[in-house]
1. Within segment B:204-243, count every residue that is in a loop (DSSP other than H, G, I, E, B) and not β-branched (Val, Ile, Thr).
2. Considering each of A:Ala68, A:Ala90 in turn, give the residue that is in a strand (DSSP E or B) and at pLDDT 80 or above.
3. Output the residues belonging to segment A:153-174 that are outside any strand (DSSP E or B) and farther than 19 Å from B:Lys135 by Cβ.
4. For segment A:103-152, how many residues are of a type in the set (Gly, Ala, Ser), crowded, with 21+ Cβ neighbours inside 10 Å and part of a strand (DSSP E or B)?
5. Restricting to segment B:122-133, what's the tally of residues that are surrounded by 15 or more Cβ atoms within 10 Å (Cβ to Cβ) and either within 14 Å of chain A (Cβ to nearest Cβ) or closer than 20 Å to B:Pro59 by Cα (or both)?
6. Of the numbered conditions (1) among the acidic types (Asp, Glu); (2) away from chain A (no Cβ under 13 Å); (3) exposed (fewer than 15 other Cβ atoms within 10 Å of the Cβ), B:Glu207 satisfies every one except a single condition; which is it?
7. Does segment B:27-62 hold any residues that are under 27 Å from A:Pro169 (Cα atoms) and either under 15 Å from the mean Cα position of the chain (by Cα) or of a type in the set (A, V, I, L, M, F, W, C) (or both), and which are they?
Amino acid sequence: MYKPIVFAIVLATSVAATAQTPGSPFHRIEVIVNGSSCGDIPDEIFIVINAGEGHEYTLTKAGKNTWAGDVGTWLPKSFGIARWEAKNAAGRVTECLSGQGLERTNILRFTFGRCYRGQEVTFTTVPGTLTSRYVREQEPCKETVRFRGSETARFVGFNAEDVRLQFGPPDARRGLLVNALVEKKKLVVRRDWVVHALAAQRNRGDGAQSNLASNAIDLDDKKFAAIDFKSVTIGVR
Amino acid sequence: MLRKLVSASVFLLAATAAAQQRSIFDVDDFVDPRQHDTAVFASRLVLGAANNYVDDTRPLHRDARFLHIANSVYWSAFQFDYKHSEVRADAPPPIRVCNCSPPIYFPPVPASDEVPLPPRPGGKDTVQIGWYGGKDLKLRYRLSASNQNIATDLFYPNTNGPAGTLHGHERALGVEGDTYIPYIGFGTVNVARTVRSGTADDRTQSELAYTSRLPGLSVGKILVRGLITVGGVSGRGARGVNVVSPIFEAFWHDQTTRANIHLAWNPMSTRSGRNGWETQHQIALFIDRGIVLFRKH
């Protein structure tokens, strides 16, 4: 049964996410969603705004195709993504766009016109005590969520964004590209396949020249052994 | 500031010096600095053989066997390498020399408007220093210097008696820099200068080449990729682009032994003033196995 409620999530990737600074002039957010690919317009909207690695906020419907809310903190001009639950689908996700600042009224307005099908993706690692992260990237928007054991990412638009998994102690690595695994329906991935998948990513030229570097493969292998990583299961629906 | 100084130094050196096109068995050693947050040491042994072996765009016209040891240290955004290779092939015909001045060698060496022969297969040492730049897209800039000592035994034409030994060497200095061009992709620009002296076939060549690195594919657990090098090399009587050298490589990493098996096909075309375009098909099969050490958290 379709509930006339749509959850919309705006991820705002800010350069400096501190509150009440001269560079953070916006206190209210408006989201306007247009476009035939975006589905029905909800009566109530929940908004999540990420500053840095993520803060969630809620917006409510303020007019036709418009959701708004005071987020309780001061925000700089940001890029953002909207997501929401949709009728007969796991959700919708928009492209990443820059908000338009209306400084006189302290409103940061996002106008989205293109939407993609979103899916719910669950990650479960073995061992369950392993610290991991998933990173959602739709340039220049980026969202990092840390988890231990299991976590679900909602409204993932694989057609629009890259989702990466990073295992073990945090560093600046790029991570395992989940999109390729979902495309291949390789949803239970053990250590040796993760090592292979990372090598395949490098061979495709992921973030650097295409290379078949044996040292990089051995380094991955040793690092996964050091953290006792065994497998990750990816559930998509 | 330090990074700016290093990159400026590398580019200044590039203007005056030069990287020799790497041997087909010199396996990739690009390790993205984002993959490690401590210093990493890697040592790797490569063993294999090549049909129609080619050394730096110079066909040997014989098969060769090779052993290659590469030691690398990755620290922050820097990479330091020391590599040693030993190449062996069937012995070429003995070189005879007349008792005259200047000496005349037989069999005659390729003329200055022909593609030169590489030095006699032997041992070669290479040191490299590299720096990785870029934020989202990592690009490596690397300076290489190599030396190969060449001993050439000479014989008199009629008596087959020894006429002495020439002790020469071939030295190369080069720089390579990765590039990324939107819609075209990644590539590497090589500039190198190679000088061979003290041998029966002293040669000098300068090279400027661009290697396009096509995105690779995976076929099951086998990784496949293609590189295409296009460039100009001096000292063969043909100006402009005179080397077109694609390499198609299949790679398999065995999880049990952690060895990597490579099969590479290199149909290299070179152009000389005397003979025009000629194509040599180099096929190499080799295996590498290494150890990687790093400090754990």
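1. The first filter runs over segment B:204-243 and keeps only residues in a loop (DSSP other than H, G, I, E, B), leaving B:214-216, B:220-221, B:234-242.
Now narrow it down to the ones that are not β-branched (Val, Ile, Thr): B:214-216, B:220-221, B:234-240, B:242.
Here the count works out to 13.
2. Details: A:Ala90 fails: at pLDDT 80 or above.
Exactly one residue qualifies, and that residue is A:Ala68.
3. Taking segment A:153-174 as the starting set, the residues that turn out to be outside any strand (DSSP E or B) are A:157-161, A:168-174.
Listed by number, the residues that qualify are A:Gly157, A:Phe158, A:Asn159, A:Ala160, A:Glu161, A:Gly168, A:Pro169.
4. The initial filter retains those residues of segment A:103-152 that are of a type in the set (Gly, Ala, Ser), namely A:113, A:118, A:128, A:132, A:149-150.
Then keep just the ones that are crowded, with 21+ Cβ neighbours inside 10 Å; that gives A:118, A:132.
Subsequent filtering for residues that are part of a strand (DSSP E or B) retains A:132.
Number satisfying all stated conditions: 1.
5. From segment B:122-133, those surrounded by 15 or more Cβ atoms within 10 Å (Cβ to Cβ) are B:122, B:124, B:126, B:128-133; that's our starting set.
In the following step, the residues that additionally are either within 14 Å of chain A (Cβ to nearest Cβ) or closer than 20 Å to B:Pro59 by Cα (or both) were identified as B:122, B:124, B:128, B:130-133.
So the count comes out to 7.
6. (3)
7. We begin by selecting, within segment B:27-62, every residue under 27 Å from A:Pro169 (Cα atoms); these are B:28-44.
B:Asp28, B:Asp29, B:Phe30, B:Val31, B:Ala39, B:Val40, B:Phe41, B:Ala42, listed by residue number.
Matching residues to (1) more than 15 Å from A:Gln166 (Cα to Cα); (2) facing another protein chain (nearest Cβ under 9 Å); (3) in a helix (DSSP H, G or I):
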site	(1), (2), (3)
A:Ala197	no, yes, yes
A:Asn203	yes, yes, yes
A:Ser210	yes, yes, no
A:Lys223	no, yes, yes
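The values are calculated or read from the model by the stated rules, or taken from the named source; none is laboratory data. Just so it is clear, the structure is predicted and the values come from calculations on it, not from any experiment. Every residue, glycine among them, receives a Cβ derived from its backbone with ideal geometry; neighbour counts consider all protein chains shown.
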